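Peer 1: Handing you a structure now.
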Amino acid sequence: MAKSENKKEHTKCPFNMLYVRDSLDVINGKWKMMILISLMNGNRRFTEIERSIPKITSKVLAKELKDLEENQLITRTVHDSYPVLVEYSTTAYVKTLDKVLRELHNWGINHRKKIFGK
């Protein structure tokens, strides 16, 4: 058998992974999904979001909010008041993650049971 015949074809793998990589680039990390869940639960102001997520720092929260806004999953609204009021909210586009969030939630429950027996 020739050496080239023995090689497996891998050309489709990187192409197929591209879309998964794109998705993970948007929602990956320790905090992004937690921030989205916090917003979905009614937290709108920076301090509300920060308090709802244990151990997140202000610096990290600010960066992650900016990333989520750039990816059109949230909006930042600055109200003309004194003091200035800034609120965050999810966009309609975030609804496209509903199925993903539900599946991650269910997988997490099953994984916790399997690994920890809880």
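Peer 1: Leaving out same-chain residues fewer than 8 places away, which aspartates and glutamates sit with a Cα under 19 Å from that of K99?
Peer 2: Hits, sequence-local ones excluded: D22, D25.
Peer 1: For the residue pair S23 and T57, what label-to-label distance in nm results when each label sits 7 Å from Cα along the Cα-to-beta-carbon direction?
Peer 2: Taking the two extended label points, one gets 3.1 nm.
Peer 1: Once the dipole of the chain is set up with Lys and Arg at +1 and Asp and Glu at -1 on Cβ about the Cα centre, which of V84, Q72, L61 lies farthest towards its positive end?
Peer 2: L61
Peer 1: Could you report the accessible area of K95 in Å², rounded to 10, computed with a 1.4 Å probe on the protein chains as they sit in the structure?
Peer 2: Accessible area, nearest 10 Å²: 140 Å².
Peer 1: Let me ask you something else. Once ligands and nucleic acids are excluded and a 1.4 Å probe is used, how much of I109 is accessible, expressed in Å² to the nearest 10?
Peer 2: Accessible surface of I109 is approximately 70 Å².
Peer 1: Enter the per residue convex hull volume of the chain, computed from alpha-carbon coordinates, in Å³ rounded to the nearest integer.
Peer 2: 171
Peer 1: Right, next: In degrees between 0 and 90, to the nearest 10, how far off the longest principal axis of the chain does helix 12-27 point, with axes built from Cα atoms?
Peer 2: 10
Peer 1: Right, another one. Residue farthest toward the positive end of the dipole of the chain, with Cβ of Lys/Arg at +1 and Asp/Glu at -1: which of Y93, W107, M33?
Peer 2: W107
Peer 1: So, one more: In terms of solvent-accessible area of protein heavy atoms at a 1.4 angstrom probe, what is the ranking of R76, R44, R51, highest value first?
Peer 2: R51, R76, R44
Peer 1: Which entries of K30/K55; K30/K113; K32/K113; K59/K95 show an alpha-carbon separation above 19 angstrom in the structure shown?
Peer 2: K30/K113; K32/K113; K59/K95
Peer 1: Between K95 and F116, what FRET efficiency follows from the Cβ-Cβ distance if R0 is 41 Å, with the result rounded to 0.05?
Peer 2: Efficiency computed from Cβ-Cβ geometry: 0.85.
Peer 1: Here's another thing I want to ask about it. Leaving ligands, DNA and RNA out of it, work out the accessible area of I115 with a 1.4 Å probe and give it in Å² to the nearest 10.
Peer 2: Ignoring ligands and nucleic acids, I115 comes out at about 100 Å².
Peer 1: If you don't mind, there's one more thing I want to ask. So, with +1 on the Cβ of K and R and -1 on the Cβ of D and E, and no other charges, what is the size of the charge dipole of the chain about its Cα centre, to the nearest 20 debye?
Peer 2: 720
The values are calculated or read from the model by the stated rules, or taken from the named source; none is laboratory data. Nothing here was measured: the structure is a model prediction, and the numbers come from that model. Don't worry about glycine lacking a Cβ; one is built from the backbone with ideal geometry, like all the others, and counts go over all protein chains shown. Areas reflect the complete protein model, heavy atoms only, side chains present, ligands, DNA and RNA absent. Shrake-Rupley method; radii C 1.70, N 1.55, O 1.52, S 1.80 Å.
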